[in-house]
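Step one of this worksheet: look at the structure below.
The values are calculated or read from the model by the stated rules, or taken from the named source; none is laboratory data. Bear in mind that the values here come from a model prediction, so they are computed numbers and not experimental data. Glycine gets a Cβ as well: all are built from the backbone with ideal geometry, and neighbour counts include every protein chain shown.
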Amino acid sequence: MIKSMTGYGRAQEIVDGMNITVEIKSVNHRYFEFSSRLPRNYGFLDEKLKSYFSGILARGKMECNVLIENTEEPDVVIEVNHPLLSSYLKAYGEISERYGMENNIRLTDVVRIPDIFTARKQAADEEKIWNAVRAVADCAADGFINMRSAEGEKLRADVASRLDTILDLVACVEKRSPETVREYNEKLTSRLKELLNTADIDEQRVLTEAAVFADKIAVAEETVRLRSHISQMRTFLEAKEAIGKKMDFLVQEMNREANTIGSKANDVEIARNVINIKAEIEKIREQIQNIE
């Protein structure tokens, strides 16, 4: 089943004491391009997320936003500067002994000592954090994939319908092409009779001219190739792997055949059908830009 490059997914869960939100969205792009917005100190997640999502999206421009809030363990650890505190207490004792003052220092006095406490950021357990983020990313990816699949089905149905239209138009061209040769033959015979003012004309010369004309306007090879491209396109529509690039190339080949038919056609009706064929091909090309 083909998938659209456009998708959106979001999930929020509490995992291992962390409130994690993962939001992903993608739009069409020629190649896979990834960017992320992460909380400070979680930059190590960028490459992991890129590798993870590259296995889900082959083509497209993806943006990933991650929010992480600790709900249990604090981010910062407060440590006591014991050597500094010991120096202060020793100094207080010396003052008390030397000057006969009561050493009545209290805890509230200690905590006012400058630099007695040191705030230190807890070392991050990167593997633990990644496992938690990946679990939430899995849930976001489920919604993302489902949306892309639904959009892809709409694209598949639209392209298939336009291929049917092109086939009908090709059939009209194939039916009309021999008629143009017959009409040319009749016009040529009538014109020669008029110019020569006689009913007796060189039938062989007429047949030769008609044959040359038929060869110049013959589009059988082009219509056969166009039908072959359409058949291949239908096969792509049922493929399970990413086929957007292949379809894009095939559309170029379809347009090439249509242009050749148009350049050969010496008939208003065929020209009109070619214009409609090219219009449908252009609409298919636009749709394919959104297919992975």
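How many of the residues making up the stretch 134-165 are within 21 Å of Ile281 (Cβ to Cβ) and among the polar types (S, T, N, Q)?
Residues in the stretch 134-165 being within 21 Å of Ile281 (Cβ to Cβ) and among the polar types (S, T, N, Q): 2 in total.
From the list Ala124, Ala135, pick out the single residue that is at pLDDT 90 or above and not aromatic (Phe, Trp, Tyr).
Answer to the check: Ala135.
Taking Glu69 as the residue in question, decide whether it is farther than 20 Å from Phe117 by Cβ and surrounded by fewer than 16 Cβ atoms within 10 Å (Cβ to Cβ).
The answer is yes for Glu69.
Could you list all residues from the stretch 11-31 that are buried (at least 16 other Cβ atoms within 10 Å of the Cβ), closer than 17 Å to Arg148 by Cα and at pLDDT below 95?
Selection gives Asn28 alone.
Scan (1) in contact with an Asp or Glu (Cβ under 6 Å, 6 or more places away or on another chain); (2) under 30 Å from Ser26 (Cα atoms); (3) modelled with pLDDT of 95 or more for the single condition Ser161 breaks and write down its number.
(1)
In this structure, is Ile129 surrounded by 14 or more Cβ atoms within 10 Å (Cβ to Cβ) and either at pLDDT below 95 or over 30 Å from Ala11 (Cα atoms) (or both)?
Taking the combined requirement at face value, the residue satisfies it.
With the requirement that a residue be more than 17 Å from Asp125 (Cβ to Cβ) and in a helix (DSSP H, G or I), what does the stretch 38-74 give you?
Those that are more than 17 Å from Asp125 (Cβ to Cβ) and in a helix (DSSP H, G or I): Asp46, Glu47, Leu49, Lys50, Ser51, Tyr52, Phe53, Ser54.
Consider Ser161 carefully, then state whether it is assigned to a helix (DSSP H, G or I), buried (at least 16 other Cβ atoms within 10 Å of the Cβ) and either small (Gly, Ala, Ser) or touching a helix residue (DSSP H, G or I) at 6+ places or on another chain (Cβ under 6 Å) (or both).
no
With surrounded by 16 or more Cβ atoms within 10 Å (Cβ to Cβ), touching a Phe, Trp or Tyr at 6+ places or on another chain (Cβ under 6 Å) and of a type in the set (D, E, K, R) as the only criterion, which of Lys61, Lys50, Lys3 stands out?
Within the list Lys61, Lys50, Lys3, the selection yields Lys50.
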